[in-house]
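Step one of this worksheet: look at the structure below.
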Amino acid sequence: AEDALKAMRKNLYNVVICDLNLPGMGGVELIGRLKSISPMVQIIVLTGTANLVTLIESLSAGAFDFFEKVQDFRNLVAPVQEALARAG
């Protein structure tokens, strides 16, 4: 999470894909901190701990979309393309 914050301060990425279980900081906190650095960043949560609570927390913190980890990552192509379009 700290590396992601450092990278965002340096590069201001348009789209970030993050997990919720991160060393040093939870993903929901990271979402809020990334959005404070760059309000236009589109954050997609990809997690193995998906449930209604984590979905609501992530979206409330500013995540653009939320996915449970799956075997077929091709399902992420359209959401990433949409996030890039929104980030403009």
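Structure summary
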{"quantity": "All positions within segment 70-88 that are of a type in the set (D, E, K, R) and open to solvent by 90 Å² or more (accessible area, probe 1.4 Å)", "calculated": "ARG74, GLU82, ARG86"}
{"quantity": "Subset of segment 33-81 (residues that are polar (S, T, N, Q), modelled with pLDDT of 95 or more and touching a Lys or Arg at 6+ places or on another chain (Cβ under 8 Å))", "calculated": "GLN42"}
{"quantity": "Complete set of residues in segment 57-69 that are surrounded by 12 or more Cβ atoms within 10 Å (Cβ to Cβ) and over 18 Å from ARG33 (Cβ atoms)", "calculated": "ASP65, PHE67, GLU68"}
{"quantity": "VAL70, sole failed condition from (1) in a loop (DSSP other than H, G, I, E, B); (2) closer than 19 Å to ILE31 by Cα", "calculated": "(2)"}
{"quantity": "Residue satisfying all of: in segment 1-57; in contact with a strand residue (DSSP E or B) (Cβ under 8 Å, 6 or more places away or on another chain) and hydroxyl-bearing (Ser, Thr, Tyr); nearest to GLY88 (Cα to Cα) among these", "calculated": "THR47"}
{"quantity": "Scan of segment 1-43 for residues that are in contact with a helix residue (DSSP H, G or I) (Cβ under 7 Å, 6 or more places away or on another chain), in a strand (DSSP E or B) and open to solvent by 20 Å² or more (accessible area, probe 1.4 Å), ordered by number", "calculated": "VAL15, VAL16"}
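The values are calculated or read from the model by the stated rules, or taken from the named source; none is laboratory data. On a predicted model such as this, the values are computed, not experimentally measured, just so you know. We place every Cβ from the backbone using ideal geometry, glycine too, and count neighbours over all the protein chains shown. Keep in mind that these areas ignore ligands, DNA and RNA; they rest on the heavy atoms of the full protein, side chains included. Shrake-Rupley method; radii C 1.70, N 1.55, O 1.52, S 1.80 Å.
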